[in-house]
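In what follows, a structure is listed as structure tokens, so that the remarks can point back to it.
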Amino acid sequence: MADRINILPESVANQIAAGEVIQRPASAVKELIENSVDAGSSFIRLIVKDAGKALIQVIDDGMGMSETDARVSFERHATSKINRAEDLFALTTKGFRGEALASVAAVAQVELKTRREEDTVGTSILIEGSEVKSQEPCACPKGTSISIKNLFFNIPARRNFLKSNPVETGHIIEEFQRVAMAHPEIGFSLHHNGDEIFHLEATNLRQRIIGLFGNNYNERLVPVEEDTDIVKISGFIGKPQFARKSRGEQFFFINNRFIRNSYLHHAVQNAFHQLLPVDSYPSYFLFLEVPPSSIDINIHPTKTEVKFEDDKHIYAILKSAVRMSLGKYNIAPTIDFEQESTIAFIPPPRGPVAEPTITVNPDFNPFKPSHTNPYRGDSGYKQISVPSNWDVLYRNLHPEETAADRTILSQDPSEVEKEPGRGTFFQIHSRYILSQIKSGLMVVHQQRAHERILFEKFLNNLMKQPAMSQKLLFPEMAELNAAQVQALVSLRKELENVGYEFEQLGGNSLAIYAVPVLLTDHQASRELEKLAQELLEETSGNMERHEKIALSLARSVGIKSGKMLTQEEMSMLIDELFACSIPSVSPGGKPIIHTIKLEELDRFFRS
């Protein structure tokens with residue numbers, strides 16, 4: 001029998017490695033920028049086209065490479081960062097595996113130009129799918145310029161799995177922000193499709209955060225400082241009143257390396273205990289410095305997960321440091337026992353103080369029908385009749401019992417026997433709508449029902465009939481992050497069809513001039529931010545582009561569970577639901593209606 005085990009060709013092995021290291025365009029951006037940081041650059045420029053699918057170019061003014069180093073850098077496990085296994089526990093640089101350039105070259109067309117300061121000419125190398133096409137001298141400035149074109153050109157299946165351009169652009173911006181934030185001493189710029197999104201000069205951490213997220217962050221930041229033998233903590237946290245509904249602005253850095261760590265996140269979340277609503281998340285930009293030997297960063301190909309030698313003590317110190325900053329800057333509520341007495345002193349009024357008098361009616365008898373108002377100014381008493389609608393006063397004493405509850409309980413069952421959407425409705429925990437039908441009981445999930453209604457309305461606006469806009473009396477300003485702005489600008493035409501009118505003013509600022517008619521009762525900037533976040537999270541599966549926009553809008557502005565509805569609102573919701581093409585299933589594929597048959601109810605009460 002012939003031997004079955006073979007050694008994989010180098011090109012195939014590189015493609016397999018690329019599947020771990022280069023998962024999307026943002027992965028390549030991360031690896032290239034980190035190489036530029038390790039090269040000692042003072043300014044790094046990132047140029048992206050078509051969300052990185054057509055072009056990713058990184059230009060730096062670092063130390064550059066020699067002709068031999070330039071060629072060897074594309075080999076697997078080629079690195080200048082480590083020489084021995086022990087060096088893994090003394091790392092101070094970003095990349096060390098030596099797989100980044102080899103993985104990129106295996107799935108893209110790569111052009112490298114590099115020159116050291118002491119060299120008169122540089123080196124140019126062209127590689128396609130791990131195959132070196134050319135290598136020759138060239139004239140180029142000091143530093144390195146590397147271009148990645150047609151990413152995954154030789155792996156169509158991997159390219160088909162990439163998300164929409166706004167989502168991929170959002171991931172690129174996230175990776176750019178992480179590296180730029182970790183190194184405020186280095187200047188950065190980001191260009192996408194010819195537009196400059198960021199231009200960041202070398203500065204301090206606070207100004208770098210403001211440059212990345214907008215000028216309005218200056219008032220949101222609270223400094224955090226703690227220095228112990230175990231860990232040194234520095235950075236900023238966001239004030240509780242600026243907490244967000246998503247976790248987009250949460251950054252941990254260990255020795256200037258971005259990491260994800262749910263255990264440390266729990267420490268920060270605990271520090272904000274009782275300061276935030278249940279569904280809100282604090283912003284934080286925290287840097288932890290620990291001895292390199294006390295962590296292991298070689299447990300994941302992307303190097304974003306870290307093992308700590310002493311994570312419990314770091315947890316306690318981090319929680320204490322954040323809590324201390326909240327108290328130090330009067331963010332957390334405290335009791336001041338050292339308040340000066342002069343603050344609470346109330347000066348006496350001028351002139352003599354009149355003694356208060358009390359008027360008593362000696363003839364008052366509470367059991368006499370005529371004595372119903374003993375404190376009238378005159379001597380007579382007026383009989384007050386009991387109003388006919390006195391029961392309205394007690395309607396809010398039992399919020400769980402609505403008018404619909406009393407109506408259904410007081411009506412004869414035969415009178416409630418009506419078609420769906422025409423009967424009497426009531427809510428359970430402000431989440432479900434119940435109605436009697438001929439076969440039993442109908443239960444409707446109000447949030448999913450409204451999402452289905454809005455989804456079909458917005459879809460009709462995008463495909464057939466553009467929606468009417470509601471002009472705002474004054475333009476409303478919205479400060480979003482860069483990824484959200486790019487997502488909205490790239491879909492401007494589609495958003496105009498559903499009723500939005502906005503303009504990018506520069507940076508991360510938008511001016512909103514009109515909103516869809518369905519949003520006239522909402523805050524325009526807040527709803528637009530929610531929409532942008534929905535588009536970036538890409539939770540809509542394999543939908544068409546217009547369907548994704550319609551679903552994002554529906555989820556953004558639809559009523560949520562917990563909202564009390566009147567009889568008229570519930571009736572209208574059910575009517576519009578049954579007018580939809582698919583009333584039983586939400587746009588996300590979840591059930592909207594559940595019917596409980598009368599036979600099922602009878603079984604509960606059989607003796």
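The values are calculated or read from the model by the stated rules, or taken from the named source; none is laboratory data. Being a predicted model, the structure only gives us computed values, none of them experimental. All Cβ positions, glycine included, derive from the backbone under ideal geometry; neighbour counts span all protein chains shown. For the accessible areas, the whole protein counts, side chains as well, though only heavy atoms, and no ligand, DNA or RNA atoms are used. Shrake-Rupley method; radii C 1.70, N 1.55, O 1.52, S 1.80 Å.
Looking only at residues that are surrounded by 11 or more Cβ atoms within 10 Å (Cβ to Cβ) and among the charged types (D, E, K, R) in the range 591-607, which one is farthest from Leu553 (Cα to Cα)? My answer is Glu600. Restricting attention to the range 555-578, does a residue exist that is under 15 Å from Phe458 (Cβ atoms), modelled with pLDDT under 90 and among the charged types (D, E, K, R)? Yes - at least one qualifying residue is present in the range 555-578. Taking the conditions exactly as written (of a type in the set (A, V, I, L, M, F, W, C), more than 29 Å from the chain's Cα centre (by Cα) and under 25 Å from Ile574 (Cα atoms)), does Met463 satisfy them or not? The answer is no for Met463. Scanning the range 509-523 for any residue that is under 20 Å from Ser430 (Cβ atoms), touching a helix residue (DSSP H, G or I) at 6+ places or on another chain (Cβ under 9 Å) and of a type outside the set (Gly, Ala, Ser) turns up at least one such residue. Counted as qualifying within the range 209-321 are the strands (runs of 3 or more DSSP E) with 1 or more residues that are open to solvent by 60 Å² or more (accessible area, probe 1.4 Å) and either touching a residue at least 60 places away in the same chain (Cβ under 8 Å) or within 26 Å of Ala482 (Cα to Cα) (or both), namely 221-227. Figure legend. Inter-residue proximity from the range 59-74: first residues among the polar types (S, T, N, Q), second residues open to solvent by 20 Å² or more (accessible area, probe 1.4 Å), beta-carbon distance below 7 Å, spacing 6+ or different chains. Indicated pairs: Ser66/Arg116; Ser73/Met65; Ser73/Leu101.
Please tell me if Arg206 is farther than 23 Å from Arg526 by Cα and either surrounded by 18 or more Cβ atoms within 10 Å (Cβ to Cβ) or hydroxyl-bearing (Ser, Thr, Tyr) (or both).
Numbers: farther than 23 Å from Arg526 by Cα: yes; either surrounded by 18 or more Cβ atoms within 10 Å (Cβ to Cβ) or hydroxyl-bearing (Ser, Thr, Tyr) (or both): no.
No.
Within the range 559-580, being over 31 Å from the mean Cα position of the chain (by Cα), of a type in the set (Asp, Glu) and open to solvent by 80 Å² or more (accessible area, probe 1.4 Å) holds for one residue alone: Glu568.
From the list Leu518, Leu462, the one residue that fits, being more than 27 Å from Glu175 (Cα to Cα), aliphatic (A, V, I, L, M), touching a His at 6+ places or on another chain (Cβ under 6 Å) and crowded, with 17+ Cβ neighbours inside 10 Å, is Leu462. Pairing each residue of the range 115-126 that is more than 15 Å from Gly62 (Cβ to Cβ) with any residue that is in a loop (DSSP other than H, G, I, E, B) and not hydroxyl-bearing (Ser, Thr, Tyr), provided the two are 6+ apart or on different chains, yields C-beta distances under 8 Å for Val121/Ala139; Ser124/Cys140; Ile125/Phe74.
Looking only at the range 127-176, filter to residues that are free of Cβ contacts under 8 Å to residues at least 12 places away in the same chain and among the polar types (S, T, N, Q); which one of those is farthest from Leu101 (Cα to Cα)? Even if it seems obvious, please write down each step before you answer.
Within the range 127-176, the subset free of Cβ contacts under 8 Å to residues at least 12 places away in the same chain is 133-134, 156-157, 160-161.
Pick out the ones that are also among the polar types (S, T, N, Q) and you get 134, 160.
Values: Ser134: 16, Asn160: 22 Å.
Only one residue tops the list, namely Asn160.
Screening Asn150 with (1) touching an Asp or Glu at 6+ places or on another chain (Cβ under 6 Å); (2) at positive phi; (3) not β-branched (Val, Ile, Thr) gives one miss only, at (1). Only residues that are farther than 30 Å from Leu536 by Cα and surrounded by fewer than 20 Cβ atoms within 10 Å (Cβ to Cβ) were counted in the range 40-60, giving 2.
Inspection of the range 407-421 finds a residue satisfying the criterion of being open to solvent by less than 60 Å² (accessible area, probe 1.4 Å), at pLDDT below 80 and hydroxyl-bearing (Ser, Thr, Tyr).
Here Ile125 meets each of (1) modelled with pLDDT of 90 or more; (2) on the phi > 0 side of the Ramachandran plot with one exception, condition (2).
With respect to Phe96, is the statement that it is open to solvent by 40 Å² or more (accessible area, probe 1.4 Å), modelled with pLDDT under 90 and closer than 30 Å to Val290 by Cα true? Taking the combined requirement at face value, the residue does not satisfy it. When the range 542-597 is examined, which residues are found to be in a loop (DSSP other than H, G, I, E, B) and aliphatic (A, V, I, L, M)? Within the range 542-597, Met543, Ile559, Met564, Leu565, Ala579, Ile582, Ile592 qualify.
Using the structure shown, decide if His199 is surrounded by fewer than 16 Cβ atoms within 10 Å (Cβ to Cβ) and either within 21 Å of Gly506 (Cα to Cα) or free of Cβ contacts under 8 Å to residues at least 40 places away in the same chain (or both). Yes.
Of all the residues in the range 481-506, those that are out of contact with any Ser or Thr (no Cβ under 7 Å at 6 or more places or on another chain), crowded, with 18+ Cβ neighbours inside 10 Å, of a type outside the set (Phe, Trp, Tyr) and not in a helix (DSSP H, G or I) number 3.
The residues of the range 183-216 that are under 19 Å from Ser36 (Cα atoms) and of a type in the set (A, V, I, L, M), listed by number, are Ile186, Leu190, Leu200, Ala202.
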